[in-house]
Each structure stands twice: as C-alpha cells, then as structure tokens.
Amino acid sequence: METIAATFVLNVPSVALLVLPSDAPVQGAVQDLRGLGVNARALDIVKDENGRTHLMRRDFDSTAENPTLLVSTLASTRGLDLPELSHVFVLGVLDGGAVDSYLHVAGRVGRFGRSGRVISVLESPHEVEDDGRLRMKDEPRMMRILLKKIGVRPVKLDTLG
C-alpha cells in the first residue's frame with residue numbers, strides 16, 4: 001500500500017482508481033491508504049455518493065486540491081465511465097491473469113480522447129500453500145505473459161518521480 005500511496009501522491013492530479021483482487025477487503029484497503037495520508041474512498045455507486053460524483057464530472061485538465069483514490073474490486077468496475085480518471089492502479093494479477101479482465105480495468109482510463117496510465121503493483125515471486133502443497137506464485141512472470149499476449153511493452157515506474 002505504501003507504493004500505491006507514494007505513486008498516487010506524486011502522479012495523480014485529480015482522480016485515480018485502485019482495483020483489488022476479488023477477495024481483498026475494500027474497506028481495509030481504504031483505511032490503510034487513509035492512514036498513509038491518501039484521500040481514499042470505497043467505490044460504491046449504488047450504496048452512496050462516493051463514486052457517483054466522479055461519474056458526472058468532466059473537468060479533465062484541472063488538478064484537485066486533494067486528489068481522490070477510488071478503491072474497488074474488478075466486479076464493481078464493470079460498465080463504469082469515470083471521465084476524470086487519469087490512473088488505474090491494479091493490485092496483483094487479477095482473475096488469474098485473464099486478458100479480458102486486464103483490458104477491462106485498463107480501459108477505465110484513456111477515454112474521451114485522453115491518455116492515462118495503468119500501474120500494476122506486483123508481489124515478488126514467493127511460495128504459497130495451495131491445498132497442502134507449496135507452489136511458487138510469480139506475479140511478475142504472469143504479468144509479462146499477459147502483456148505479451150496483448151502486445152504491450154511494460155515500463156517500470158519510478159515511484160520517486
């Protein structure tokens with residue numbers, strides 16, 4: 001979360017979206033980010049106003065005094081147009097590395113003739129227990145495979161500038 005918070009503060013002019021894996025607690029991520037000084041809000045356009053106001057705004061070129069990081073899961077981003085969105089942060093490799101899921105999330109930016117950035121935050125390769133067996137989880141490798149399938153060359157982002 002520290003990496004996301006630092007990158008958000010240094011790069012986002014107004015509104016960004018953080019997409020979490022489906023089993024991640026959105027409210028927990030919001031609280032962690034707020035603890036790091038980020039104006040984070042759970043994206044829930046049905047329950048409250050946290051997401052709805054960003055659906056209506058179209059002030060593309062302004063810089064907000066206190067930029068907002070909307071936090072959601074893959075399922076809650078379906079069909080949303082967030083005109084002010086300039087950055088999408090993706091925590092981990094969503095949906096087991098499914099190309100359509102990545103393209104859907106990445107497609108939240110770059111609308112209305114604007115450019116945008118998709119920033120994937122990945123864990124280093126490590127062992128995980130799966131049904132009593134240890135296996136290697138290698139998110140960087142999974143992301144390289146996914147990006148190769150869609151013909152995108154990744155660029156490593158320096159979080160300090």
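The values are calculated or read from the model by the stated rules, or taken from the named source; none is laboratory data. Keep in mind the model is a prediction, meaning the values are calculated, not measured. Note: ideal-geometry Cβ built from the backbone for every residue, glycine included; neighbour counts use all protein chains shown. Accessible surface is based on the protein model in full, side chains and every heavy atom, while ligands, DNA and RNA are left aside. Shrake-Rupley method; radii C 1.70, N 1.55, O 1.52, S 1.80 Å.
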Next item on the list: With θ set to phi - 60°, apply the Karplus curve 6.51 cos²θ - 1.76 cosθ + 1.60 along the stretch 79-88 and write out the HN-Hα couplings as whole Hz, x wherever there is a Gly or Pro.
Entry: x, 8, 10, 10, x, 7, 5, 10, 9, 10
Note to self: What number comes out for accessible area per residue over the stretch 93-161 if the probe is 1.4 Å? Units Å², please.
What the structure shows: 72
Item checked: Residues with amide H under 5 Å from that of R41, placed H, sequence gap 5 or more -> L69, L70, V71
Check: Between H126 and L80, how many nm apart are label points set 7 Å from Cα along the C-beta direction?
Finding: 2.7
Checklist line | Cut-off under 5 Å, modelled amide H: who pairs with I119 long-range | finding: V88, F89, V90
Notebook entry, point to check: When only Cα pairs under 8 Å and 6 or more residues apart are kept, what is the percent relative contact order across the stretch 88-161?
Noted result: 30
Notebook entry, point to check: Arranged from highest to lowest average of other beta-carbon atoms within 10 Å per residue, in what order do the peptides 6-16, 128-138, 27-37 appear?
Noted result: 6-16, 27-37, 128-138
Note to self: Give me the three principal axis extents of the stretch 74-161 from the C-alpha atoms, as integers in angstrom, largest value leading.
What the structure shows: 48, 31, 24
Item checked: For V12, net neighbour charge (Lys/Arg +1, Asp/Glu -1) across residues whose Cβ lies under 11 Å away -> 0
Next item on the list: Return the sequence-ordered ³J(HN,Hα) values of the stretch 103-120 in whole Hz as given by the Karplus equation 6.51 cos²θ - 1.76 cosθ + 1.60 applied to θ = phi - 60°, using x for Gly and Pro.
Entry: 4, 4, 5, 4, x, 6, 9, x, 9, 6, x, 9, 8, x, 10, 10, 10, 9
Notebook entry, point to check: Residues with beta-carbon under 14 Å from that of D32, excluding D32: net charge, scoring Lys, Arg +1 and Asp, Glu -1?
Noted result: +1
Notebook entry, point to check: Using the Cβ atoms and a cut-off under 13 Å, what net charge is assigned to the surroundings of H126, where Lys and Arg are +1 and Asp and Glu are -1?
Noted result: -3
